[in-house]
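Read the structure below first, then the notes.
The values are calculated or read from the model by the stated rules, or taken from the named source; none is laboratory data. In this text the structure is predicted, and so the values were computed from the model without any measurement. Every residue, glycine among them, receives a Cβ derived from its backbone with ideal geometry; neighbour counts consider all protein chains shown. Only protein heavy atoms, including side chains, enter the accessible area calculation; ligands, DNA and RNA are left aside. Shrake-Rupley method; radii C 1.70, N 1.55, O 1.52, S 1.80 Å.
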Amino acid sequence: MIIPTMYYKNIKEINYKKLKQEGIKCLIFDLDNTLAPLEEKECSKTLLETISKLKKDFIIAIITNSNKKRTEPYRKTLDIDIISFALKPSTKGLRKIKKKYNLKKTEMVMIGDQFMTDILSGTKFGIKTILVDALKEKDLKITKINRIIENRLINKYQKRNLFERGKYYE
């Protein structure tokens, strides 16, 4: 079953203190519509400040299905590992981060806005997952297909009282 471990409105609402207390050492973010809207081509000052604060307590990485042209400005500004064209829900990017930083799965969390890529890859890999609402409604064409599947899944979950869009939890 693809149900996120936690669900928050956005990355600013996440209880990072609690994650640290739970032994999380590495935060792995999706890029598009999780950290930045699609149309935002460079890292915002707000995002830079947020990631800079988080880097004091965590290893920060981005795993995204976007290409290097899209991710390079973020990599340079944020000075973090970014795995582009990750083909999520593949777990290859998560395995790379785990190996590079010698992490245990219990020390990692995947944070993203999509069930069918971010949450599914984290679930398949066996790590905690955090779903956040998409920053904007504008999506890539492939993402629109994923959203249709995601909405069907959410409707099933909602009927079984397993998950409800907009009902946030830790």
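Structural remarks
- Converting phi to 3J(HN,Hα) with the Karplus coefficients 6.51, -1.76 and 1.60 and the offset θ = phi - 60°, the range 3-13 yields 10, x, 4, 9, 9, 10, 5, 7, 5, 6, 7 Hz in sequence order, with x at every glycine or proline.
- Phi to ³J(HN,Hα) by Karplus 6.51 cos²θ - 1.76 cosθ + 1.60 over the range 56-67, Hz, x for Gly, Pro: 5, 10, 9, 7, 10, 9, 10, 10, 9, 8, 6, 8
- Amide H contacts of LYS128 (H built 1.01 Å from N, in plane; Pro and chain starts excluded): MET108, MET110 sit under 5 Å, all sequence-distant by 5 or more or on other chains.
- Distance between the range 1-62 and the range 98-140 - C-alpha centres, whole angstrom: 10 Å
- Basic side chains Lys and Arg get +1 at the Cβ, acidic Asp and Glu get -1 at the Cβ, and with that the dipole of the range 1-81 about its Cα centre reaches some 240 debye.
- Restricting the range 76-156 to trypsin sites (Lys or Arg not before Pro) that sit in a DSSP loop and have at most 14 other Cβ atoms within 10 Å of their own Cβ leaves LYS104, LYS136, LYS138.
- Candidates ILE60, ILE83, ILE154: whichever shows maximal mean-square fluctuation once the chain is modelled as a Gaussian network with Cα springs under 10 Å: ILE154
- Average accessible surface area per residue within the range 45-109, 1.4 Å rolling probe, Å²: 59 Å²
- Bridge type composition, the chain - antiparallel percent by DSSP, nearest 5: 5 percent
- The string of couplings for the range 79-96 from the Karplus curve (6.51, -1.76, 1.60, θ = phi - 60°) is 6, 9, 6, 10, 9, 8, 6, 6, 6, 4, x, 4, 9, 4, x, 5, 4, 4 Hz, one whole number per residue in order, with x for Gly and Pro.
- Considering only alpha-carbon pairs that sit under 8 angstrom and 6 or more positions apart, the relative contact order computed for the range 1-119 is 33 percent.
- For PHE163, residues with placed amide H under 5 Å, excluding near neighbours: GLN158
- Non-local Lys pairs in the range 1-52, i.e. 8 or more apart or on different chains, that have alpha carbons under 25 Å apart: 14
- Candidate values [x] 14.9, 44; [y] 24.7, 87; [z] 15.4, 51, label of the one derived for Rg and Dmax of the Cα atoms in Å: [x]
- Rounded to the nearest 500, the helix-only mean residue ellipticity at 222 nm of the chain stands at -10500 deg cm²/dmol, with each DSSP H run of n ≥ 4 adding -39,500 (n - 2.57).
- Percent accessible area from carbon and sulfur atoms, the chain, protein chains only, probe 1.4 Å: 51 percent
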